[in-house]
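The values are calculated or read from the model by the stated rules, or taken from the named source; none is laboratory data. This structure is a prediction, so every number in the text was calculated from the model and none was measured. Positions of Cβ are backbone-derived with ideal geometry, glycine not excepted, and every protein chain shown enters the neighbour counts. Heavy atoms of the whole protein, side chains included, go into the accessibility calculation; ligands, DNA and RNA do not. Shrake-Rupley method; radii C 1.70, N 1.55, O 1.52, S 1.80 Å.
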Amino acid sequence: MNLPLVIAGVASFSSVLLSDAAVTGQWDFDSGDLRATIGVPLRYMDGNEGATAKGTVFNSTAMFGLPPIGGQVAKVMHFPQMTLATMGYVVTHGVEPNGEGEQVNQYTILMDVLFPASSSGAFRSLLQTDNKGDADLYISFLEGRGSIGSLGDYRGEGELIAEHWHRVAVAVDVSALTMSKYIDGMLFGTQTLSATELDGRYSLGPTAMLFADEDGDSQPVYLNSVQIRNYTMDESKIAALGGPEARGIPVR
C-alpha cells in the first residue's frame, strides 16, 4: 500500500512500490549509435537524414581529445551546436504515467556529460519534457562554471566545470512540487515548483527530448551515459552513485 507523504501542505502519493522501482531507460553509446542498453533506442528529432543525425558523432574520449572518465577511455556521443529548433534526441523513457492522462510526475534523469568551454556564457538545454516551447531544464555557464536550473533559479552549492566530466542527476516529484538537482552525487539544490505545475511543465509526456529548445538555447555537449528511473531518487541513493564512470551510470 502506498501511503501519502505531506510536504508543505501538498499530498504526494508515491506511485511506485519499492519492488517496482526500476531503470526504465539507459543509453551508453558503446555501439556507436543510439541503441539502448535498457529500453527503447533514442531517435533523432528531425529524422535520420536531419541536421541532428548529420552533426552527431560517436567516438572515444581519446579521439575527441577529451579527458578520460575516471582514468579510462570511454565511447561517447557528441551533440553539435544547435542550429534548428527541430534538433535534439527523442527519449522513449518507459515510465508508466502516474499523473493526469499520460503525464509522469515522479522520475529521475541522470547524465554523464562534458560541456566544452567554447560556449561559455550561453544556456545549454538538458531536457525538454514534452516538445513544447522552451526546454524545462538548463545548464547556465559563465566563465567556465555551470549551474543547473530553470525559470531563473540556478542557486546551489557546487558547480560544473567546463571540459570536465560530471554526473548530473535531477530527481523530480511534481506531486510534492520539488526538483532536486545533483552534481557528482552531491546535492546542488532543491527547487520548489509552482502549485500550478502538477501534471504541467515538469511532468514528462509520453516522450521527452534531450538538448532540445524552441529558440536555440542549446550548445555542444559530449554525453557518455543517460539514464531514466521511474521514481524520485532520494539523496542517499544518488550519493551512492557518485561521479561519472567510463562504464556508464550503474543500474543499482
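Out of VAL76, VAL168, report the one residue that is open to solvent by less than 10 Å² (accessible area, probe 1.4 Å), part of a strand (DSSP E or B) and closer than 20 Å to GLY185 by Cα.
VAL168
Given the criteria out of contact with any Leu (no Cβ under 6 Å at 6 or more places or on another chain) and assigned to a helix (DSSP H, G or I), does SER118 qualify?
When the stated conditions are applied, SER118 passes them.
Looking at SER175, SER140, SER147, SER180 in this structure, which one is open to solvent by 10 Å² or more (accessible area, probe 1.4 Å), of a type outside the set (A, V, I, L, M) and not in a strand (DSSP E or B)?
Step by step, each of SER175, SER140, SER147, SER180 is checked, and only SER175 is open to solvent by 10 Å² or more (accessible area, probe 1.4 Å), of a type outside the set (A, V, I, L, M) and not in a strand (DSSP E or B).
Can you report the number of residues in the range 34-56 which are more than 28 Å from VAL95 (Cα to Cα) and in contact with a strand residue (DSSP E or B) (Cβ under 8 Å, 6 or more places away or on another chain)?
1
Sort out which residues of the range 180-228 are under 15 Å from the mean Cα position of the chain (by Cα) and of a type in the set (S, T, N, Q), and write them in order of number.
Residues satisfying the conditions are SER180, SER203, THR207, SER218, GLN219, ASN224, SER225, GLN227.
Quick check: is even one residue across the range 222-234 open to solvent by 20 Å² or more (accessible area, probe 1.4 Å) and over 23 Å from GLN26 (Cβ atoms)?
There is no residue in the range 222-234 that is open to solvent by 20 Å² or more (accessible area, probe 1.4 Å) and over 23 Å from GLN26 (Cβ atoms).
Does the range 94-120 hold any residues that are in contact with a Ser or Thr (Cβ under 9 Å, 6 or more places away or on another chain) and modelled with pLDDT under 90, and which are they?
Correct list: ASN98, GLY99, GLU100.
With respect to LEU198, determine if the residue is surrounded by 18 or more Cβ atoms within 10 Å (Cβ to Cβ), more than 24 Å from ARG247 (Cβ to Cβ) and touching a Phe, Trp or Tyr at 6+ places or on another chain (Cβ under 8 Å).
no
Could you please tell me which pairs satisfy a Cβ distance under 7 Å, a separation of 6+ or placement on different chains, a first residue in the range 137-158 that is free of Cβ contacts under 8 Å to residues at least 24 places away in the same chain, and a second residue that is among the acidic types (Asp, Glu) and assigned to a loop (DSSP other than H, G, I, E, B)?
These pairs meet every condition: ARG145/GLU159.
Within the range 82-125, how many residues turn out to be of a type in the set (Gly, Ala, Ser) and closer than 17 Å to GLY200 by Cα? Reasoning before the result, please.
Taking the range 82-125 as the starting set, the residues that turn out to be of a type in the set (Gly, Ala, Ser) are 85, 88, 94, 99, 101, 117-122, 125.
In the following step, the residues that additionally are closer than 17 Å to GLY200 by Cα were identified as 99, 101.
Looking only at that region, the number is 2.
For a quick check of your reading of the model, give me the residue pairs whose first member lies in the range 8-31 and is within 13 Å of ASN98 (Cβ to Cβ) and buried (at least 17 other Cβ atoms within 10 Å of the Cβ), whose second is among the hydroxyl-bearing types (Ser, Thr, Tyr) and at pLDDT below 95, with beta-carbon atoms closer than 8 Å and at least 6 apart or on different chains.
SER12/SER175
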